[in-house]
Amino acid sequence: MDSKLKFDFTTTQKIINKIGYIDSFKGKWKTIEKHENKYLKELRRIATIQSIGSSTRIEGATLTNQEVETLLNNLKITKLESREEQEVVGYFEVLEIILNDWKSIDLNHSNIFNLHNLLLKFSNKDQNHRGQYKQVANKIVAKYPDGKQRVIFNTTEPYLVKKEMDNLLIWTNKNIQNSAIHPLIIVATFIYEFLSIHPFQDGNGRLSRLLTTLLLLKQGYDFMQYISFENQIELRKQEYYRALMNAQQHRYGAKEIIDDWMIFFLENIEVLIEKLEVKYQQFKEKGPYLNQRQKMILGFIKENEPIKISDLATHFKQQSKNTLKKDMQYLTREGVIEKLGETKGTIYVIKGFSKK
């Protein structure tokens, strides 16, 4: 792998500058997470929908983000009949596992098998090969919305997959452990190699993007869960394939240098940072994040102010009084409503309310 990182001076300087920018934001975002995390839940929800929609569309699916969200909101009553629906739900489940449990997911054969197995578990046609390396040769194929396909690259032969994945995992884990190479370079190299090997019969592209999120989170780039890397790849799909192919056409040769891919990978993280900063600022300007229950409470207060906690308890019988109290404390703390009086005489009004 090291031979693929022999960049020229100009490329090296570009990489250093981009890494510096990304790492600077990494530190800044950790402060935001620690002190101002009230918008993060909604940012993550939006990013999750975008990631699922984009990653499946890259592989030829056609469901819009709105259709993806509707499907996920009705999972308990929806029978997954189409392949697109099966792929969406599989991607959703693996992404949720990664976002919630990334600290406990080590990079090894077993965990990669498990993630692949879960990714394809709803797909009827993939049952005989999910969770195991390929037995038949495959190719990297670009799929376009009009149904056309283009072969980009002939991948590793099945009998060599285990050996090449062994080498890749050993190289990645060793360099992460000894910090000899910057983690962003390690992650980009891993993804390039994974896509070049294409170790599974199907699902390699989707799994590579999930592994990108996993590895970046494990290296402390927490902000990646709040903005969609997959969406950025979808927007630059042709450049994505071109950056990979520029090195892959020299596979196993001295000219297999991944400079274009490295710049493309880092450049897209830079763009994501810029997008996240804009989105975060927009959320701050809109005011505090309110979940659906809190929005309903606020609507009730607007219609009935001034109100007491007992009024809420009578109206929202399905919610515990303790939950309602916490919501009122949050709304008060965020300056959305005002608390007037003390103890049993306490009433709540919308900020700036005046008696009629």
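Every number in this text was worked out from the coordinates using simple rules, so none of it is lab data. This one's a predicted model, so the numbers in the text were calculated from it and none came from an experiment. Cβ placement follows ideal geometry from the backbone for every residue including glycine, while neighbour counts extend to all protein chains displayed.
Table for the structure above
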| quantity | calculated |
| --- | --- |
| Volume per residue of the C-alpha convex hull in segment 110-168, rounded to whole Å³ | 115 |
| Highest-first arrangement of 1-12, 154-165, where packing means the average Cβ count within 10 Å | 154-165, 1-12 |
| Mean Cβ count within 10 Å, highest first, over the residues of peptides 326-338, 113-125 | 113-125, 326-338 |
| Length gained when the stretch MET296-LYS284 is fully extended (0.36 nm per residue, less Cα-Cα span) | 2.3 nm |
| Percent RCO, i.e. relative contact order, over segment 43-148, from Cα pairs under 8 Å lying at least 6 residues apart | 28 |
| Those lysines that a straight Cα-Cα span of less than 22 Å connects to LYS125, excepting residues fewer than 8 apart in one chain | LYS79, LYS134, LYS139, LYS143, LYS148 |
| Inter-centroid distance (Cα atoms) of segment 223-282 relative to segment 84-108, Å | 21 |
| Cβ-Cβ FRET estimate between LEU160 and LEU107, R0 fixed at 25 Å, reported to 0.05 | 0.80 |
| 5 Å binning of all Cα-Cα separations within segment 247-356, expressed as whole percents from 0 upward | 2, 10, 15, 15, 10, 7, 6, 5, 5, 5, 5, 4, 5, 3, 2, 1, 0 |
| Length released on extending from LYS237 to GLU81, taking residue separation times 0.36 nm less the Cα-Cα span | 53.4 nm |
| Only Lys, Arg (+1) and Asp, Glu (-1) charged, at Cβ; the chain dipole about Cα centre in debye | 1040 |
| Under the Karplus curve 6.51 cos²θ - 1.76 cosθ + 1.60, θ = phi - 60°, whole-Hz ³J(HN,Hα) for segment 2-7, x wherever Gly or Pro sits | 4, 5, 7, 9, 7, 8 |
| The chain: angle of helix 259-286 to the longest principal axis, Cα-based, in degrees nearest 10 | 0 |
| Over the chain, volume per residue of the alpha carbon convex hull, in Å³ | 166 |
| Using alpha carbons only: equivalent-ellipsoid semi-axes of segment 220-301, gyration tensor based, whole Å | 41, 11, 10 |
